[in-house]
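This report refers to the structure that appears directly beneath it.
The values are calculated or read from the model by the stated rules, or taken from the named source; none is laboratory data. Owing to the predicted nature of the structure, the values given are computational and were not obtained by experimental measurement. Cβ atoms come from the backbone with ideal geometry, glycine included; neighbour counts cover every protein chain shown.
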Amino acid sequence: MNEIDNARPPASRRIDGKALAAAIRAELKRAVQNADFCPGLAVVRVGDDAASQSYVAAKIRACAEVGFASRHIALCAEAGEQALLDEIEALNRDEAIHGILVQLPLPPGFDETRVISAIDPAKDADGFHPLNVGRLLIGLDAPIPCTPKGILRLLDSEGVALKGKRAVVIGRSNIVGKPIAQLLCARDATVTICHSKTRDLADEVRRADIIVAAVGRAGFVRPEWIKPGAIIIDVGINRNGTGKIVGDVAPECFERAEAMTPVPGGVGPMTVAMLLENTWELARRNSNPLQRGAD
Ligand code: NDP
């Protein structure tokens with residue numbers, strides 16, 4: 001390792017997603033108090049996956065905190081896909097509901113694309129509907145998926161200039177990897193998407209000014225991969241051997257980075273805050289017929 005590789009940024013910063021998310025929730029709460037409508041979010045969960053149950057509970061709690069109406073619909077896996085589609089159809093018609101999200105993953109046997117496509121695109125709180133995914137890709141207004149939107153907000157809050165920067169995204173899922181790569185590209189970063197078939201992943205990461213890790217493997221990103229002064233966004237939520245929640249990035253990477261998100265307390269709280277923000281935007285738009293359907 002040469003001298004430059006050993007160079008450490010003056011002081012690594014912890015990017016506090018928990019604090020930023022709390023500030024966004026406080027702002028939304030004030031906005032709701034002054035609004036002449038009450039945003040309504042429906043969260044639909046199928047099956048008994050423990051992680052999904054806790055994510056849904058957090059979303060419902062967040063709605064209560066900011067003064068949104070919320071509805072939690074829990075179906076057993078045996079109810080089947082048609083029952084789920086019927087619920088979605090009823091929510092599409094319900095004027096008190098402005099945002100709908102179906103908690104993923106769905107149990108085996110459910111067709112996720114079919115289910116997500118059944119949500120009215122104007123109530124698509126997660127931004128996963130194929131129409132909205134396409135709109136976002138070609139630069140039209142659309143709800144932005146919550147985790148990528150939260151990542152951009154964290155980078156902006158740190159004053160990270162994206163134009164011309166090399167960004168490496170590890171992971172190419174529809175909910176994180178692909179949309180964050182697209183959003184970073186739209187903000188003029190030069191983006192490389194890496195995945196399980198990427199050759200020389202460490203070399204790709206070493207070139208990056210900005211690293212987004214969305215892999216789902218505890219401590220996967222190693223400190224020797226990090227260019228000193230890089231910005232690291234750790235999306236991963238994993239349980240280690242002792243049951244503790246840890247990210248995809250080894251904690252020692254912090255020493256090499258200019259700034260890095262912690263896990264927990266980084267991207268996770270921002271995902272929930274962005275869900276609230278998306279619901280607020282959908283409610284505002286749908287309560288004004290002139291704006292509805294406008295580009
Ligand atoms: P997926 O499992 O859908 O995608 C994981 C990606 O990582 C895939 O593209 C896969 O590649 C890639 N990958 C797996 N192994 C390797 C490897 N050895 N080298 C390089 N790439 C690899 O996960 P998600 O995107 O849904 O989630 C990723 C992580 O983020 C999880 O820990 C999840 O819990 C967390 N998460 C956190 C959120 C938050 O709010 N903080 C929100 C959403 C997710 P390939 O495509 O080739 O299989």
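With the structure loaded, tell me whether Val44 is more than 16 Å from the ligand (Cβ to nearest atom) and in contact with a His (Cβ under 9 Å, 6 or more places away or on another chain) or whether it fails that test. Here the answer is yes, as Val44 does meet what is asked. Give region 95-125 a look and list any residue that's more than 19 Å from Ala69 (Cα to Cα) and within 17 Å of the chain's Cα centre (by Cα), or say none. If the condition is that a residue be more than 19 Å from Ala69 (Cα to Cα) and within 17 Å of the chain's Cα centre (by Cα), then Leu104, Pro105, Ile116 are the ones that fit.
Residues that are surrounded by fewer than 17 Cβ atoms within 10 Å (Cβ to Cβ), without any contact (Cβ under 8 Å) to a residue 40 or more places away in the chain and within 11 Å of the ligand (Cβ to nearest atom): list the helices (runs of 4 or more DSSP H) wholly contained in region 123-226 that include at least 1 such residues.
201-206
What number of residues in region 145-166 are under 18 Å from Leu276 (Cβ atoms) and in contact with a helix residue (DSSP H, G or I) (Cβ under 7 Å, 6 or more places away or on another chain)? Full working, then the answer.
Initial filter on region 145-166 (under 18 Å from Leu276 (Cβ atoms)): 145-154, 156-157.
Still in the list and also in contact with a helix residue (DSSP H, G or I) (Cβ under 7 Å, 6 or more places away or on another chain): 145-154, 157.
Counting residues in region 145-166 that are under 18 Å from Leu276 (Cβ atoms) and in contact with a helix residue (DSSP H, G or I) (Cβ under 7 Å, 6 or more places away or on another chain) gives 11.
Of the set (1) touching a residue at least 60 places away in the same chain (Cβ under 8 Å); (2) more than 29 Å from Ser52 (Cβ to Cβ); (3) part of a helix (DSSP H, G or I), all apply to Met270 but (2).
Flag not set for Ile73, criterion: at pLDDT 95 or above, surrounded by fewer than 19 Cβ atoms within 10 Å (Cβ to Cβ) and within 21 Å of Pro269 (Cβ to Cβ). Going residue by residue through region 24-34, is there one that turns out to be closer than 30 Å to Gly265 by Cα, in a loop (DSSP other than H, G, I, E, B) and touching a helix residue (DSSP H, G or I) at 6+ places or on another chain (Cβ under 7 Å)? There is no residue in region 24-34 that is closer than 30 Å to Gly265 by Cα, in a loop (DSSP other than H, G, I, E, B) and touching a helix residue (DSSP H, G or I) at 6+ places or on another chain (Cβ under 7 Å).
Residues in region 95-122 that are in contact with a Leu (Cβ under 9 Å, 6 or more places away or on another chain) and in contact (Cβ under 8 Å) with a residue 40 or more places away in the chain: Ile97, His98, Gly99, Ile100, Leu101, Val102, Leu106, Phe110, Ala122. Does Pro264 fit the bill of being of a type outside the set (Asp, Glu), more than 10 Å from the ligand (Cβ to nearest atom), surrounded by fewer than 24 Cβ atoms within 10 Å (Cβ to Cβ) and in contact (Cβ under 8 Å) with a residue 12 or more places away in the chain? So Pro264 fails the test. Are any of the residues in region 96-111 touching a Gly at 6+ places or on another chain (Cβ under 7 Å), loosely packed, with under 14 Cβ neighbours inside 10 Å and closer than 21 Å to Leu41 by Cα? Scanning region 96-111, I find at least one residue that is touching a Gly at 6+ places or on another chain (Cβ under 7 Å), loosely packed, with under 14 Cβ neighbours inside 10 Å and closer than 21 Å to Leu41 by Cα, so the answer is yes.
The set of residues in region 26-52 that are surrounded by 14 or more Cβ atoms within 10 Å (Cβ to Cβ) and under 20 Å from Gln103 (Cβ atoms) comprises Pro39, Gly40, Leu41, Ala42, Val43, Val44, Arg45, Val46, Gly47, Asp49, Ser52.
What residue, of Gly177, Gly139, is in contact with a strand residue (DSSP E or B) (Cβ under 8 Å, 6 or more places away or on another chain) and under 21 Å from Leu275 (Cα atoms)? Don't jump to the end; show me each part of the working.
Details: Gly139 fails: in contact with a strand residue (DSSP E or B) (Cβ under 8 Å, 6 or more places away or on another chain).
It is Gly177.
The set of residues from region 58-95 being under 24 Å from Lys29 (Cα atoms) and in contact with a Gly (Cβ under 6 Å, 6 or more places away or on another chain) comprises just one member, Ala69.
Quick one: would you say Asp234 is more than 10 Å from the ligand (Cβ to nearest atom) and free of Cβ contacts under 8 Å to residues at least 40 places away in the same chain?
no
What do you reckon, is Trp280 touching a helix residue (DSSP H, G or I) at 6+ places or on another chain (Cβ under 9 Å), more than 11 Å from the ligand (Cβ to nearest atom) and under 29 Å from Ile119 (Cβ atoms)? So Trp280 fits the description; yes.
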